[in-house]
Every structure is written in structure tokens, then in C-alpha cells.
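The values are calculated or read from the model by the stated rules, or taken from the named source; none is laboratory data. These figures come from a predicted structure and were not determined experimentally. A quick note on method: Cβ atoms are made from the backbone with ideal geometry, for glycine too, and the neighbour counts reach across all protein chains shown. Side chains included, ligands, DNA and RNA excluded: accessible areas come from the protein's heavy atoms. Shrake-Rupley method; radii C 1.70, N 1.55, O 1.52, S 1.80 Å.
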Amino acid sequence: MPLVVQKFGGTSVASAARMREVAEHVKHCRSRGDDVVLVISAMGSETDELIRLAGQVSDEPAGREMDMLVTAGERKAIALLCMALHTAGVPADSYTGSQAGFLTDTNHRNAKIVSVTPRRVSESVAAGRVAVVAGAQGVSTDNDVTFLGRGGSDTTAVALAHGLGADACELYTDVSGVFTTDPRVCPTARRLPRLGFDELLEMTAMGCPKPAARSVEVARTYGVPLHVRSAFTWEPGTWVVDTESGMQANEMERPIVTGIVPDSSQAKVTLVGVRDEPGIAAKVFRTLADASVIVDMIVQNVGDHGHTDISFTIPAESADEVRQICEGMVTTVGFASANTDVDIARVSLVGAGMASHPGVAATMFETLASEGVNIEMISTSPIRISCVVAEADVDRATVALHTAFGLD
């Protein structure tokens with residue numbers, strides 16, 4: 001019998017009625033001959049509420065206790081969903097991350113999976129039952145409860161699918177798949193029926209919110225087929241497979257551009273008057289790395305009279321922290337000042353066909369110029385071109401590029 005791991009996000013199980021719908025869907029899947037394992041997120045915005053409560057009782061809650069707190073949301077959800085399955089006549093067992101065999105490192109709030117040994121889950125499936133696993137959690141090598149971070153349920157589902165040797169991993173969410181761009185920005189955005197791992201990994205890294213980038217990386221590494229689909233319409237969504245299998249049967253060559261990804265969650269930091277000598281950039285970015293700051297695009301200007309400017313992008317939520325860190329380096333590392341701009345955004349072209357087609361960058365820059373959009377920074381990979389623009393211009397840039405590359 002085919003084995004399918006199905007992950008349901010917070011909006012998909014946000015109420016008792018939604019849980020009953022999920023239970024009926026699982027019952028239908030079993031009736032057609034599938035074995036099913038579920039991975040469940042906390043209900044609705046419960047994780048946000050738990051984090052808010054923690055902030056009310058402590059200014060700096062300990063990471064260990066935060067993980068114990070936020071993972072309670074998933075434990076609550078799996079118990080309730082098991083009850084819904086029992087009522088629907090489906091035998092089911094609930095498992096926490098540790099019970100399901102997830103061993104993680106000791107990094108609280110954003111732990112990484114070390115190994116998955118899903119013995120109890122396999123036994124449940126072999127007994128004809130549905131295993132319901134709490135997403136985004138595990139137990140550390142120090143035997144503490146750990147949280148995998150935002151989007152961790154996606155990663156749980158993919159890792160579990162690999163550990164069980166499942167035929168596919170279905171990620172159910174509040175959207176019907178992966179689109180050519182954000183439908184809220186561009187009404188002509190289209191759902192992509194199939195997509196390659198490399199393309200989706202670039203899209204999620206550049207700001208596509210679903211699925212979580214970590215889950216795509218695990219799926220690509222272990223070859224786990226993904227199906228991103230809606231838990232509200234139950235219609236087929238987007239299949240994500242290896243690049244060759246991702247091509248349509250009648251598609252001789254891949255499209256040049258697969259998708260346009262806008263991202264308004266970025267901020268830009270510019271270090272002015274940096275000494276232009278070996279080792280200075282290393283000191284700057286080592287200091288940021290030691291503070292767990294994620295740096296994306298980096299541009300260094302040509303040196304002038306022994307000094308240069310370095311600009312880089314960071315998550316906007318880190319802007320205040322990074323500003324303080326950089327101001328502390330002004331005298332220790334040696335530069336004139338650190339300027340932060342939170343009113344920027346990034347727009348990216350992604351497509352496997354870009355690697356073999358000239359003129360993509362030229363078309364992108366011409367399109368932005370025709371819209372009066374100024375480019376502040378540029379970054380590329382073999383299948384991606386990203387530009388930093390003013391936040392006020394990013395929606396207009398996205399729509400124009402979507403049209404320019406024939407995605408409407």
C-alpha cells in the first residue's frame with residue numbers, strides 16, 4: 001500500500017470543525033488504499049499567543065523553557081486530531097517529536113534535526129493505524145525538548161517521509177500550491193503544476209513563504225517528492241520533484257523564468273569608509289555570524305584612497321540588533337559610520353532555463369527602468385537574479401516583470 005505523509009499547517013487545523021474535515025479527508029485517503037501518517041502544527045495563531053504570554057512574564061525567557069512552552073501547542077493539536085479521527089472511525093495514535101524518534105542538536109528555539117528513527121510510527125502504520133506526529137519538535141542530545149523554529153512542521157514532515165521511506169509528502173496549507181508570483185500582488189499569477197527542487201529552493205530562499213526553505217532542502221537532499229496543496233479545496237496543487245522529472249511531458253525545454261518572488265522583509269546596512277585592506281570584511285561578517293545574524297546580498301564598492309563602502313541585506317526584524325552591533329564595530333574594526341535602511345525590498349527572477357538563455361538580466365533591468373524603478377543592489381546565481389529596490393516600488397516591479405517574461 002502507498003504510504004503518504006501529510007502535513008497540516010495551523011490554519012488547516014485552526015478549529016474543531018477544521019479538524020473534523022481533516023479527519024474525514026484522512027478517512028477518504030485510507031479508503032482508496034493509502035497508509036497515512038500525519039504531521040500537525042499548532043492550531044491557528046496559538047504559537048504566537050504562547051510567545052506573547054512568555055513576553056509578559058519575562059523580558060528574556062530562557063531558550064529551554066521557551067521550547068517547552070511553544071511545543072505544547074503541537075501536542076494539544078495532535079491529541080485533538082486523534083480524537084477527531086477516532087470519532088470518524090479511524091484508529092490513530094498521537095506522538096510527540098521525541099516519541100516519533102526526532103533527535104536534534106542542543107540549539108533551542110531553532111534546533112536542527114540530527115537523526116530520525118521513527119520506530120513507533122512504523123509500528124503504528126504496520127498495525128493499520130494512523131500515526132499523528134507533533135510538528136516542529138524533537139528531543140536534544142542533552143535530552144531536552146527542542147523546537148525546530150518557524151516552518152519546522154514542514155521540515156518534520158519531509159524528514160519523517162524520508163525516515164519511513166514514504167512514497168510522497170503532502171504539505172497542506174491555506175494556498176493551493178506554488179504560484180508564478182504572489183497572487184495578492186499580481187492577479188494574473190498562475191499555479192505551477194510541477195516545479196524542480198532547485199527552483200523552489202531559490203524561491204523560498206528569496207522570500208516565497210511556503211513551504212519552509214529548510215524542508216525543501218531536506219527533500220532535495222533525500223529525493224522526497226513534495227505535493228504542496230490546499231487543505232480547504234483539496235484540489236491538486238504543485239508537485240516538486242527533481243529538475244528532470246519536473247519537466248512537463250510535452251516540454252522540450254524549460255521556461256526561461258519560472259517565477260517572480262517579491263520580498264519586503266529585508267533591510268539594507270551600509271558600512272561607510274571601511275579600511276580597504278585584507279581581513280576587515282572577515283572581521284565584520286564574523287562578528288555578525290557570531291551573533292547569529294543572517295546576511296544575504298553583499299556588495300563592496302571599488303576602493304578609493306584606501307577606503308571603501310560595504311552594503312549587505314539582512315532580515316528587517318534584525319535591523320535594530322545589527323545597527324547596535326555595527327555601531328560597536330566602528331572603532332574596533334575601523335569605518336566611519338553604519339547606515340540602516342528598512343524601506344527596501346527585493347524582487348527576484350527564478351528559473352532553471354535562465355542558465356542557458358542570454359539577455360535575461362538585460363530584460364529585467366530594461367523592464368524596471370521603464371517602470372522608473374531604481375536598482376540599489378544586484379545578486380545572481382545560475383538560476384536567479386535578485387535586485388534590491390525601494391519598498392514602495394516592489395509591487396509595481398513584480399507585476400511588470402511577470403508580464404515581461406510571459407507569465408501572465
query: Spin-label point model (7 Å from Cα, Cβ direction): what's the Ala355 to Ile51 distance in nm?
result: 3.5 nm
Test item: Cα-centred dipole of region 1-121, Lys/Arg +1 and Asp/Glu -1 on Cβ, debye: 440 debye
- prompt: What is the Cα radius of gyration of region 59-132 over 2.2 N^0.38 Å, N being its residue count?
  reply: 1.30
task: State the answer as a single residue: which of Val241, Pro225, Ala205 lies farthest towards the positive end of the charge dipole of region 156-244, with beta carbon charges of +1 for Lys and Arg and -1 for Asp and Glu, about the Cα centre.
output: Ala205
task: Would you calculate the separation in nanometres between label points at Ser115 and Arg275, each defined as 7 Å from the Cα along the Cα-to-beta-carbon direction?
output: 4.8 nm
query: Considering the values [x] 21.7, 75; [y] 22.0, 79; [z] 22.9, 77, which represents Rg and Dmax of the Cα atoms in Å as calculated for the structure under consideration?
result: [z]
task: Find how many whole Å separate the alpha carbon centroid of region 107-152 from the alpha carbon centroid of region 188-210.
output: 26 Å
message: In whole Hz and in residue order, list the ³J(HN,Hα) couplings for region 98-113 that follow from phi through the Karplus curve 6.51 cos²θ - 1.76 cosθ + 1.60, θ = phi - 60°; x for Gly and Pro.
response: 5, 5, 7, x, 8, 9, 10, 6, 9, 7, 6, 6, 8, 6, 10, 6
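Just order 255-266, 110-121 by mean Cβ neighbour count inside 10 Å, highest at the front, would you? Intermediate values should be presented prior to the final figure.
Values: 255-266: 22.8, 110-121: 17.4.
Answer by packing, highest mean first, reads 255-266, 110-121.
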- prompt: With all protein chains present, how much of the accessible area of the chain (probe radius 1.4 Å) comes from carbon and sulfur, to the nearest whole percent?
  reply: 52 percent
- prompt: Cross-link partners among aspartates and glutamates for Lys76, C-alpha distance below 16 Å, same-chain residues fewer than 8 apart left out?
  reply: Glu46, Asp48, Glu49, Asp67, Asp93
- prompt: How many times 2.2 N^0.38 Å is the alpha carbon radius of gyration of region 157-198?
  reply: 1.48
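Relative contact order of the chain: what whole-number percent is it, with Cα pairs under 8 angstrom and at least 6 residues apart?
Values: 887 pairs, mean separation 54.2, N = 408.
Contact order relative to length: 13 percent.
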field: Normalised contact order of region 101-143, rounded percent, pairs of Cα under 8 Å and 6 or more residues apart
entry: 48 percent
task: Quick one: compute the contact order of region 353-401, relative version, from alpha carbon pairs under 8 angstrom and 6+ residues apart, as a percent.
output: 37 percent
statement: For region 1-128, Rg(Cα) over 2.2 N^0.38 Å is 1.15
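Kindly point out which whole DSSP H helices in the chain project their C-alpha atoms 24 angstrom or further along the helix axis while averaging a Kyte-Doolittle hydropathy of -1.0 or above. All intermediate terms of the calculation are to be shown ahead of the outcome.
Details: long enough: 63-87 (37 Å, 0.42).
Correct list, ordered by number: 63-87.
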- prompt: Within the set Lys27/Lys210; Lys112/Lys283; Lys210/Lys283; Lys7/Lys210, which residue pairs have Cα atoms separated by over 24 Å?
  reply: Lys27/Lys210; Lys112/Lys283; Lys210/Lys283
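Taking only protein heavy atoms and a 1.4 Å probe, what accessible area per residue, in Å², does the chain have with all protein chains in place? Intermediate values should be presented prior to the final figure.
Numbers: 17890 Å² over 408 residues.
Ligands and nucleic acids excluded, the result is 44 Å² per residue.
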